[in-house]
Every structure is written in structure tokens, then in C-alpha cells.
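First comes the structure, then the notes that go with it.
The values are calculated or read from the model by the stated rules, or taken from the named source; none is laboratory data. Keep in mind it's a predicted model, so treat the numbers as computed, not measured. All Cβ positions, even for glycine, are placed from backbone atoms using ideal geometry, and neighbour counts span all protein chains on display.
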Amino acid sequence: MAALFDAYIMVDWSAASKPSLGANSIWIGILAKDARLKLQYRGVNIDTRLKARAFIEDMVAKLTKRGDKVLIGFDFALGFPAGTAAALGLDTSAQAPWAAMYAHLATKMKEKPDNSNARYAIAAGMNYAISKGPFPFWGAPTRDVVSTLAATRPEFEGAALAEHRHCENYLKENKIGQPKSVWQLAYAGSVGSQTLTGIPHVHALRQAWPTSRVWPFELGTEPLTRDALEGISVVMAEIYPALVKAKPEKGEVADEAQVRQIARHYADLDEKGTLAASFSTAKSLSPEQNRDVAEEEGWILGV
């Protein structure tokens, strides 16, 4: 069976507020074919988000120009718990909730060359729109705590929005990794800040590439086929590097090893003809939950 993709680009994102290299910065792993059509790996460390997006755009342009189909994985949530767009009062009459949220965050998050951003202020503003108080985002450093954004976790029991997406709940129930809530902005293992800063860049890439799609929102929750990829050159998906064990090689930091290993993981599945099934969401989900996944929440590739 022919592989679905020719190249695999995995991105370990960072919400750092200043240029940063090394541990806890942006690492991009590229597994692409050389002149002999053999997959070769290259890892790149980039100090700002704007530079990272420019690098991805340039790399993908080179790959697609020669006819490659590219899978790009981002290690942050590509969606929010069902009902978030409605709670924010976003207009979903002409677009799906996920698309409305992408457009909303793209207007709010303005990246600067020095990597500074206003993610805590943006989260506080979204909290005000949703609850008029410090819910649902939380985890602000002391200097960023305001009346609508606290350092500590709010009460989610009985609240209008869930603490976790269906995907995190599935991981927790099946004891896979240690998934965190997208609402948590800081502290150990948090992914909220990466999500707030990352989605606007995914949105920009989607706008720049007419033949790209964001999974599962634009490709559905069933196994992916080559027919479904007809006319599509790039698929962007959410990844969870903790799904595979990555042992750093000499001189590697953990993030660097993770993008290398997860890129090889998906490439190996594709070579075996089993990657297609990774694009199908958990079979145990109800029709309503699958609708949430496809319209607003998203899912992790391979879970």
C-alpha cells in the first residue's frame, strides 16, 4: 500500500515571551526524502514563533513544489471544549465553531519579532466574555493576576464549559500520559499558553495554503484515504509526543528527541499502511461526542 505522505514535519511549540533556544524552546523535526527518495531526518531549533512559521512556510513550499504531500504535527491543542465559541458569543452561522475560534484568536494574538505576546491579557478578556470572572482560563503568574484571571484552578464541577476535551478524558480514562487542560496557562505540563499562541499561526498557515487542511475539522473522523487527499498537499494535525518513548541521544534535549521520535513514528506507521487508521477518533465515542470533536474540539493523531 502506498504511503499517504512523503514528508513529516513535527513541531514542539513554545509560548516563551522572549527569544529562546535549547530546552523548552521551539523544535522542528523534518523527515523528508532525499535525492535517492530515502527519508532523511533533520532537527531545527528556532528562537521565535514568527521565525518558526516562516521556516515552516519555506520548507513546505520546497516540498510541495516537487509534489510531496506533507503531514505537519503541532504539540498543542487545536481546539477547545465544546461550547467555547458559543460561550464567547462568536458568530458560527457561516462557519464552524473551530473556524470561528481560529479567526477570533488570530485577531487577538499579535506576535512581535521579540517574541513578546499578550496571552494572559487575552485569556483574561476571554474569561470576562465567558463568565465575567476568572473562568475558565487559569494559571497566571503573580504579575498577570487580575479579577478575571487567577493563579489557581477555578471550579469546573457543574460549569457551562468542561475542564477537558473528550480527547483528554479519553487519555485519562485509558491512563495514557498525563494530559493537561487547555485552560491551564502556566505551571508544570501546561498547554494553554502554547495553544493560545499556536492556533493563530496554524490559522495563518491554513490561509496561506489553499490546498492544506486541518484535521479532523476539515477531513472528518474516519480513517484517511488517498482519495480523500486528492488535491490536498498539506495536512495539519495535533500530536502528543508522549505517545512514544523518546530517548535523547548524546547532546540532545528532551524536546529535540521527541520531535525526532514522533516524526519517525508516523512515518513508520505510514510505511506499514496503518497511519490511515490514526486519523479515526476513538471508537468508544458517542455520535454527539464525535460531532464535538469534528466541529470544535479536535483530536490527537493516533489516539
- prompt: Within segment 34-48, is even one residue at pLDDT below 95, in contact with a strand residue (DSSP E or B) (Cβ under 9 Å, 6 or more places away or on another chain) and assigned by TED's automatic domain parsing to the domain that holds Tyr266?
  reply: yes
message: For segment 33-76: of the residues being acidic (Asp, Glu) and in contact (Cβ under 8 Å) with a residue 40 or more places away in the chain, which is farthest from Thr195 (Cα to Cα)?
response: Asp68
- request: State whether one or more residues within segment 19-41 are in contact with a Lys or Arg (Cβ under 9 Å, 6 or more places away or on another chain) and not in a strand (DSSP E or B).
  value: yes
message: Within segment 143-160, does at least one residue satisfy the condition of being within 30 Å of Lys283 (Cα to Cα), among the acidic types (Asp, Glu) and part of a helix (DSSP H, G or I)?
response: no
task: Tally the residues that are over 9 Å from Thr221 (Cβ atoms) and either in a loop (DSSP other than H, G, I, E, B) or touching an Asp or Glu at 6+ places or on another chain (Cβ under 7 Å) (or both), restricting the search to segment 283-303.
output: 8
query: For Val202, are the conditions met, namely being touching a residue at least 40 places away in the same chain (Cβ under 8 Å), assigned to a loop (DSSP other than H, G, I, E, B) and of a type in the set (A, V, I, L, M, F, W, C)?
result: no
task: Looking only at segment 174-183, decide whether some residue is part of a helix (DSSP H, G or I) and crowded, with 20+ Cβ neighbours inside 10 Å.
output: no
query: Among Asp75, Asp47, which is the only one that is within 28 Å of Gly189 (Cα to Cα), within 16 Å of the chain's Cα centre (by Cα) and surrounded by 15 or more Cβ atoms within 10 Å (Cβ to Cβ)?
result: Asp75
task: Could you list all residues from segment 80-96 that are closer than 18 Å to Ala129 by Cβ, in a loop (DSSP other than H, G, I, E, B) and touching a residue at least 60 places away in the same chain (Cβ under 8 Å)?
output: Phe80, Pro81, Ala82, Gly83
- request: State whether the residues of segment 28-48 include one that is at positive phi, out of contact with any Cys (no Cβ under 6 Å at 6 or more places or on another chain) and not hydrophobic (A, V, I, L, M, F, W, C).
  value: no
- request: Determine which member of the set Ala162, Ala121, Ala77, Ala151 is in contact with a strand residue (DSSP E or B) (Cβ under 9 Å, 6 or more places away or on another chain), more than 30 Å from Ile28 (Cα to Cα), at pLDDT 95 or above and of a type in the set (Gly, Ala, Ser).
  value: Ala151
task: Kindly list the number of the only condition in (1) assigned by TED's automatic domain parsing to the domain that holds Leu88; (2) of a type outside the set (Phe, Trp, Tyr); (3) touching a helix residue (DSSP H, G or I) at 6+ places or on another chain (Cβ under 7 Å); (4) in a helix (DSSP H, G or I) that fails for Asn169.
output: (3)
- request: May I ask you to list the residues in segment 254-293 that are buried (at least 21 other Cβ atoms within 10 Å of the Cβ), hydrophobic (A, V, I, L, M, F, W, C) and out of contact with any strand residue (DSSP E or B) (no Cβ under 6 Å at 6 or more places or on another chain)?
  value: Leu275, Phe279, Val293
Candidate set from segment 53-67 (those that are over 16 Å from Met109 (Cα atoms) and touching a helix residue (DSSP H, G or I) at 6+ places or on another chain (Cβ under 9 Å)); member that is surrounded by the fewest Cβ atoms within 10 Å (Cβ to Cβ): Glu57
- prompt: Of the residues that sit in segment 205-217 and are assigned to a loop (DSSP other than H, G, I, E, B) and in contact with a helix residue (DSSP H, G or I) (Cβ under 9 Å, 6 or more places away or on another chain), which one is surrounded by the fewest Cβ atoms within 10 Å (Cβ to Cβ)?
  reply: Thr211
